[in-house]
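Trainee: Encoded as structure tokens, here's the structure I'll be asking about.
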Amino acid sequence: LMIVTYDEHGGFFDHVPPPPIPTVAGGHRFDTAGIRVPAFLISPHVKPGTVVSDILDHTSILQLLAERFDGGNDYSPAVAARNAKLGRIAKALDNAEPHADWAPQLLAPPPLIVASGPIRSGLGGSAGASANAEAFDAAAMKAARDHPILISQPGWAKLAEYVGQTVFIA
């Protein structure tokens, strides 16, 4: 499950008044939860087009974590007090097997036919190389060593050239 929220805090006109959830934070009393924050739930466990109109807030995400990974217990007493007046994110999840027909299909990598040329050892402290250049070089060499199929993919030719490998793809 990927949860995307956008909290601009006050940058949007909203025709719906904030829900009345009184609380005290940092010694200050607040009578409402504040403006609404849009959120997207992205998962094969969410039926496409589902809209949850329940009142939720940022602590609803914390409560979902506790429900999922702590046997349904409350995240904390403060979150439990707020969530007593809120809906549940879990309502959007249908708890069924993932909907394979809704999930994106991953393509198999092209077969690697020939990889020639040694993988060079990298800058290895070359004179004048910046720390960023050395870090990039180390990452490029590691990618070439550990994931040779990755650099054989379309769009990775420059990295293959950089590490000194010639890769032919069927």
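Quick note: the coordinates plus some simple rules give every number you see, no bench work behind them. It should be emphasised that the depicted structure is a prediction, and the values quoted were computed from it without experimental measurement. Neighbour counts are summed over all protein chains in view; Cβ atoms, including those assigned to glycine, are modelled from backbone coordinates with ideal geometry.
Trainee: Output the relative contact order of segment 1-91, whole-number percent, from Cα pairs under 8 angstrom with separation of 6+ residues.
Mentor: Values: 101 pairs, mean separation 24.0, N = 91.
Relative contact order comes out at 26 percent.
Trainee: Under 29 Å between alpha carbons, and skipping anything fewer than 8 positions from residue 158 in its own chain: which lysines qualify?
Mentor: 142
Trainee: For segment 1-84, compute Rg over Rh where Rg is the Cα radius of gyration and Rh is the Kirkwood radius from the inverse mean 1/r over Cα pairs.
Mentor: Numbers: Rg = 14.2 Å, Rh = 14.6 Å.
Checking Rg against Rh, the ratio lands at 0.98.
Trainee: If you don't mind, another one. Within a Cβ distance under 12 Å of residue 56, other residues only, what is the Lys/Arg minus Asp/Glu net charge? Intermediate values should be presented prior to the final figure.
Mentor: Details: positive: 36, 82, 85, 88, 91; negative: 54, 57.
Counting the neighbours of residue 56, the net charge comes to +3.
Trainee: Let me ask something additional. How about residue 91: which aspartates and glutamates have a C-alpha closer than 15 Å to its C-alpha, ignoring those fewer than 8 places off in the same chain?
Mentor: The reachable aspartates and glutamates, counting only those whose Cα sits under 15 Å from residue 91, are 54, 57, 67.
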